[in-house]
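Every read-out reported here was derived from the displayed coordinates using simple, explicitly stated rules and does not represent laboratory data. All figures in this text were calculated on a predicted structure; none of them were measured in a lab. As a convention, Cβ positions derive from the backbone with ideal geometry for all residues, glycine included, and neighbour counts pool all protein chains shown.
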Amino acid sequence: MSEKKHTLVTLVENKPGVLNRVASLFRRRAFNIESIAVGQSEQPALSRMTIVVTGDFAQVEQVRKQLDKLIDVVKVSDITEEEMVARELALVKVKSNISNRSEIIQIADIFRANIVDVASDSLTIEVTGEEDKVDSLIELLRDFGIKELSRTGRIALTRGGRGSAK
Amino acid sequence: MKKTGAQILCESLIEEGVEIIFGFPGGALLPLYDTLLLYPQLRHILVRHEQGAAHAADGYARVKHKAGVCLATSGPGATNLVTGIANAYLDSSPMVAITGQVARPFIGKDAFQEIDITGITLPVTKHNYVITRVEEIARVVKEAFYIAQTGRPGPVLIDLPRDVQEEKTEFVYSGKVDLRGYKTVFRGHPAQVKKAGKLINAAARPLIIAGQGVVISQAYGELEELAEKTQTAVVTTLLGIGSFPENHALNFGMLGMHGMAYANMAVQNADLIIAIGMRFDDRATADTKGFAPQARIIHIDIDPAEIDKNVSVDVPIVGDVRQVLQSLNKEVNEMEHKEWLGQIIQWRQEHPVTDTREGDELLPQYVIRQIYEVTGGEAIIVTGVGQHQMWSAQHFFYDRPDSFISSGGLGTMGFELPAAIGAKAGRPDRTVWCIAGDGGFQMTMQELATVVQDKLDIKIAVINNGSLGMVRQWQKLFYKRRYSGTQLWNPDFVKIAEAYGIPGIRVERKDEVISAIQEAMYYPGAFLLEFVVEPEEDVYPMVPPGLTLSKVMELPEAAQSKIGG
């Protein structure tokens, strides 16, 4: 079976310990969670989690079913094969000085990224987009020297009117 | 009127129909134990180790078909429950485990006897709770019993801090639960049921594999109807024993690693497997790659996560076994499979594993068979794990539901005595035999004190072969008889029993077996029999690990020649 990246979207009760319960199922089956993003959903008391893991379909499907058995998990969908909007946000602190500052800003502009902090020896850039866009920008910025990098991991919703996780 | 958290807990348990609590007190439970005195309708059975409380609750649950309750204090009390909780989890036994916790201001401070028991039991409970406010108790108890007893049953743990037990609030017990993340499908999908019916009607060599789901769902009548209407042979898993009468003409015993050769042959030659309430455990299937190679598979189970987990199936039906079988029975035709059944019967004649060898030595199989004969097959047999467990599965014939209680999934040695306590407490009307190995018995034999203190009439048979027999058997077969860590020095089990005030007999000769069992049965109270059996006797048939069910090892040739009727 071929391994690929899967995007699982879950609606969970916003209670202490829920993240632990979810993560524990992946740990038990030796999955490396590539990213996990949690935040409020449109429904009060429910959070939406977006989890990205690599595995073959049967393995991921088994974990999905196990997740669905958790009492605090209200709904879980593997939306990998569905039309979806997926975004990630990254903050990149790049070394810069007077001579290259405008060059860095130009690169950021091409990616529709924002400069959110400027210091004498660095620039902090905020970029939003799909992972490959974020990857490309980071790759370009590497030449200048990246001091710090923080990525949120993917959040995703299916396209169109139907909810994936309602 | 306001009530304390401890009172609310007790009254909620009473609302849930709890009659017995298996427990052991401690500092974090002092308010609750003080309150228990106000509720004599909650019978408290004091165990000698918390593991015993969990196994007793498990044994109780299996004979009563409702959640067993165990209670332990914080810290070591709680961690001692863990094996028993895990056992219930692996065997889908409904249980509510209640643990005391240090008072809220001490949580997270590494206080005396503080442990994160909800963290520890996360992977071995169906769900667990830490109560943080007295107002939550009634709702949490209601939810805990609901979760433990519905769908695929399992253990739920409630961690209750000491100071919450003393806080007061109004007691209101709601009849409803509101759990949006918990849903159970009871009725099988009609299209899937139709598909399954078509497969059954077209099959030439169908075979039913009945598992514990039939027992949990109490679908005995429905299973019998399916088997008889379609004249389909039935084999069972270890925990499926009792789901279908073993003396029924269509019953062909247990499949798997120590299953009957003919049961395994039937699996390997069937063209359709109807797997009902079972989960394709590796001890049942052996190597899954060569499992039932000629068969299409229908899988009926209430847990969607069991579908395609170990074996991929052709027609999955998610639902309660009883309800699914009720609709499936309407889809199937009356059939006959004379040739196929004749073939399995012929295999059974050629591979008569249920016969015990004749000879003068005291064989463990003979002991089990005589317990069957003397009790008329009416007893509840509770076993531990190992050789004695397999012999108990093979050489006693279980015609009644809830007659075979054993640790299947986790394989917990020491399960037998405390589980027998739970079974007897739950069903005082039935004869309960605890069949133990000499190894496992020593893991929990402190519960003999519980047996005496609560006047439980349990008959105990210790099958003493002087070794950890199942491990020794593997060392003999696969490690060139290099016996490592498996030879046991044993105490005098009869004297141990005597020290607890339980009469006992040591049996060393075959001709003493029947009278000893009869004496145990006549005695009005607990009785222990120690059977000193052939030390090198092994469990056959056996499918060696890693091979398919086609590779059954039967009795070694030397022993084979001594087979008698």
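General remarks:
- Gap separating the Cα centres of the stretch B:64-107 and the stretch B:266-291, nearest whole Å: 33 Å
- Charge dipole of the protein assembly as shown (Cα centre as origin; +1 on each Lys and Arg Cβ, -1 on each Asp and Glu Cβ, all else neutral): 1240 debye, rounded to the nearest 20.
- Spatially proximal lysines relative to B:LYS309 (Cα-Cα < 17 Å; intrachain offsets below 8 disregarded): A:LYS65, A:LYS69, B:LYS289
- The long axis of helix B:416-426 is offset from the longest Cα principal axis of chain B by roughly 70 degrees.
- Chain A: relative contact order in percent, alpha carbon pairs under 8 Å with at least 6 residues between: 28 percent
- Long-range amide H partners of B:TYR540 with built H, under 5 Å: none
- Residue exposure sequence - B:ARG472, B:ARG481 - by fewest surrounding Cβ within 10 Å: B:ARG481, B:ARG472
- Cα gyration tensor shape for the stretch B:372-468, rounded if a/c is under 1.5, else prolate or oblate: oblate
- Using the Cβ-Cβ distance between B:ASP34 and B:GLN487 with R0 set to 56 Å, the FRET efficiency works out to roughly 0.70.
- The 3J(HN,Hα) values that the Karplus relation (6.51, -1.76, 1.60; θ = phi - 60°) gives for the stretch B:440-456 are, in residue order, x, 4, 6, 7, 9, 5, 4, 6, 4, 5, 5, 4, 6, 4, 9, 6, 9 Hz. Gly and Pro appear as x.
- Our summary gives the stretch B:32-168 a relative contact order of 25 percent, counting only alpha carbon pairs under 8 angstrom and 6 or more residues apart.
- The label-point distance for B:LYS455 and B:GLU498, in a model that sets each label 7 Å from Cα toward Cβ, rounds to 2.6 nm.
- The slack between A:ILE110 and A:LYS4, meaning 0.36 nm per residue of separation minus the straight C-alpha distance, is 35.2 nm.
- Contact order relative to length of chain B, as percent, for alpha carbon pairs under 8 angstrom and 6 or more apart: 14 percent
- Degrees, to the nearest 10: B:513-522 long Cα axis against longest axis of chain B: 30 degrees
- FRET efficiency estimate (nearest 0.05) - Cβ-Cβ, B:ASP110 to B:LEU46, R0 25 angstrom: 0.30
- Counted by neighbouring Cβ atoms within 10 Å, the residues A:ARG101, B:ARG322 run from fewest to most as A:ARG101, B:ARG322.
- Shape of the stretch B:2-170, Cα gyration tensor, a/c cut at 1.5: rounded
- Rounded to whole Hz, the Karplus (6.51, -1.76, 1.60) HN-Hα couplings of the stretch B:129-146, x for glycine and proline: 9, 10, 8, 10, 9, 4, 5, 7, 4, 4, 5, 5, 4, 4, 5, 4, 5, 5
- Here the Karplus relation 6.51 cos²θ - 1.76 cosθ + 1.60, evaluated at θ = phi - 60°, turns the backbone of the stretch A:34-45 into coupling constants of 6, 7, 9, 10, 10, x, 5, 10, 6, 9, x, 6 Hz, with x for every Gly and Pro.
- Shape of chain B, Cα gyration tensor, a/c cut at 1.5: oblate
- In this structure, the amide hydrogen of B:PHE171, modeled 1.01 Å from its nitrogen in the peptide plane, lies closer than 5 angstrom to those of B:LYS3, counting only residues at least 5 positions away or on a different chain.
- Exposure proxy ranking, count of Cβ atoms within 10 Å, fewest first, for B:SER467, B:SER392: B:SER467, B:SER392
- Residues A:VAL118 and B:LYS194, FRET efficiency given R0 of 45 Å [Cβ-Cβ distance, rounded to 0.05]: 0.05
- Compared with the direct C-alpha span, the chain from B:PHE186 to B:GLU534 gains 120.4 nm at full extension, assuming 0.36 nm per residue.
- Dipole of the stretch B:119-210 [Lys/Arg +1, Asp/Glu -1 at C-beta], most positive-end residue of B:HIS127, B:VAL140, B:GLN165: B:HIS127
- In degrees, nearest ten, helix B:190-202 long axis to first principal axis of chain B (Cα): 20 degrees
- Amide hydrogen neighbours beyond the local backbone of B:MET95, cut-off 5 Å, H modeled: B:GLY68, B:GLY154, B:VAL156
- Set of aspartates and glutamates with alpha-carbon distance to B:LYS459 below 12 Å, sequence-local pairs under 8 removed: B:GLU416, B:GLU519, B:GLU530
- The distance from the alpha carbon centre of the stretch B:208-248 to that of the stretch A:87-139 is 67 Å, rounded to a whole number.
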